[in-house]
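FYI, it's all coordinate maths here, none of it is from the lab. As the structure is a computational prediction, the values presented were derived from the model and not from experiment. Counting neighbours? That spans all protein chains shown, and the Cβs are built from the backbone with ideal geometry, glycine included.
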Amino acid sequence: MPEFFPYWVVVTHFLNLFFLLLLFRSGIEVLSAFPKLYWRDDCPPGREWLRFSKKTFAADSRTPWTSLDEEESWSPVVALPGRKNLGLGRHWHFMTVQFWILTGAVYVTLVFATGYWHYLVPTHWSLVPDSIRAVGTYLHFEIPAKIPGEPFEPAQKLSYFVVIFVLAPLQIATGAAMSPAVLARFPWYGKIFGGKQGARSLHFLVMCAFGVFVVVHVSLVVVHGVPSEFAAIVLGDPEGDRRLAVGIGVAGLLAIAVLHVVITWFSLRYRRRTQRLLGVVVNPFERLLSRRLVSRQDLRRSEVSAYFRVNGHPPASEEYLESAAAGFEDYRLDVGGLVERPVSLSLDDLRALGAQRQITKHNCIQGWTAVAEWAGVPLARVMDEVAPQASARHVVFHAMDDKGLTGSEGRTGFYYGTIPIQLASDPQTILALEMNGEPLPLRHGAPVRLRVETQLGFKMVKWITAIEFVADVDDIGMGMGGWREDQQFYASAAGI
Ligand SMILES: Nc1nc2c(c(=O)[nH]1)N[C@H]1C(S)=C(S)[C@@H](COP(=O)(O)O)O[C@H]1N2
Ligand SMILES: [Mo]
């Protein structure tokens, strides 16, 4: 049989502690952007089963509100980095998760390769009554006996088994079930968890379960005696030098705390640099997903949501409102840049290029979802018209809303978004002119908005006025690939 506390358990245990704390804090940041949990994917305002916000917004509210108003600013003490930095919180979450899964994979491989699994995996049902008896023993302020020849008592073995082989895989599975690219390509996968909101709610509950485990685990370390437990998990030897073990253990915990303070401070102080640095690890992974997976959504009409949240207020200019009043008769969509034949299209010209309908689920980066039927022109048809040059690698969508006039958080500039050209020819990438069988409502992007069904909502530019094919996004706006990427530090790849 393997040793009770081999060095690889010591190392992976420490890494796991470090990564879990990062995941927990960055996850809280993600939650703060939409501090409501639902079981249904249409997310009706007011029908959340859990809410961490005092603000309420009603579907029939007279004053227009947007989903960004629902965002909360949480303290950097709990959230990483805190203060409404969803983009950076996601960056931390998706960077850490890669290392956490890697650590877990190494650990589980060694668990099975070395025979350590005998100490963790129940092989007989008697472990359940034995565990209940062990809990009873603790409640009598006594310490239950270890299983003969094994490092743990029964309740310990059972709880470690549940955490490692049930909670951790469930957390990975529900995490993947929140990716718009995964959901768009494999709609059946989301259904396993009752949809994206089911997955999101479960992901939250499993996080709570991890939290409860950590509290009980730490309490029992104290009950069993810190010096001997630290000797086991720090030195790998319960009989080892206890003062040394406690010294190293406490130093390790302090190092983690200091690191958290430093990265939180750095992330808040140097947001652009954090966005770029973490992007080096996160973006390739997101890009891979976004470019490999093509949407195959074909939802039923009965799934269309009664209420569809709005994000971004309509353009405030006289010009836009007059044009809207006249049914957008004078509307022109300019398509140019690195193309052979630039064009300027009226709504009729656009309609003449072809029609497509799709019933799909919208995933806002903040966390809400809603289903609608969209109809419009495949972007591929527009590309046939203009013939992009070989050097064109990205498509820029310029919008009519000047955020200085329509936004509230002191940010300025016209909204724009970009997608890699590969996504532009996906079958469900369309310039939508209709929503649920009606011309696009003003708040949802009239007269023309983009739908790219594997991506997060912020990529789907509303109120499009021009489309430009470019080699590089560096010279557009602040060069991060979109208005929200520039201003809110979101990642430009938006498949998760
Ligand atoms: N022009 C423009 N397009 C935009 C936005 C915006 O603020 N301005 N917000 C984006 C975001 S974050 C989302 S989630 C979707 C929301 O679409 P909806 O308002 O139709 O629900 O639009 C996207 N397109
Ligand atoms: Mo969004």
Work out how far the C-alpha atoms of the stretch 325-427 reach from end to end along every principal axis, then list the three figures in whole Å, largest first. 40, 35, 30
Straight-line reach from K55: which lysines have Cα under 21 Å away, leaving out those fewer than 8 places along the same chain? K36, K84
The stretch 7-289: relative contact order from alpha carbon pairs under 8 Å, six or more residues apart, as a whole percent, is 21 percent
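Evaluated at 4 °C with a viscosity of 1.567 mPa s, what Stokes-Einstein diffusion coefficient in µm²/s does the stretch 7-289 have when Rh comes from the Kirkwood expression over alpha-carbon pairs? Write out the running numbers ahead of the final one.
Details: Rh = 21.2 Å.
Answer from the Stokes-Einstein relation: 61 µm²/s.
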The correct pair for the stretch 226-348, radius of gyration to one decimal and Dmax as a whole number, both in Å and from Cα atoms, is 29.0, 84
Compute the separation of the alpha-carbon centres of the stretch 13-56 and the stretch 172-198 and state it in Å as a whole number. 16 Å
With L293 itself left out, Lys, Arg at +1 and Asp, Glu at -1 over residues whose Cβ is under 13 Å from its Cβ give +2
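Using only helices, what value at 222 nm comes out for the chain when you add -39,500 (n - 2.57) per DSSP H run of length 4 or more and divide by the total residues, to the nearest 500 deg cm²/dmol? List each step's numbers first, then the result.
Numbers: 17 runs with 217 residues, N = 496.
Computed mean residue ellipticity for the chain: -14000 deg cm²/dmol.
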Using alpha carbons only, what's the Rg to Rh ratio of the chain with Rh from Kirkwood? 1.05
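I need the helices of the chain that pass two filters: whole DSSP H segments spanning 27 Å or more by Cα along the axis, and mean Kyte-Doolittle score no lower than -1.0. Mind showing how you got there, number by number?
Details: long enough: 7-32 (38 Å, 1.52); 86-114 (41 Å, 1.00); 196-224 (41 Å, 1.44); 242-269 (40 Å, 1.54); 271-292 (29 Å, -0.68).
Result, helices passing both filters: 7-32, 86-114, 196-224, 242-269, 271-292.
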The lysines whose Cα lies under 18 Å from the Cα of K191, excluding any fewer than 8 residues away in the same chain, are K361
Would you mind listing how long the stretch 297-488 runs along its three principal axes, going by Cα atoms, in whole Å with the largest first? 43, 40, 34
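Quick check on the exposure proxy: order S26, S53 from fewest to most C-beta atoms within 10 angstrom.
On the way: S26 25, S53 14.
Least to most surrounded, the residues fall as S53, S26.
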Treat the count of other C-beta atoms within 10 Å as a stand-in for reagent exposure and order R484, R243, R443, R83 from fewest to most. R243, R83, R443, R484
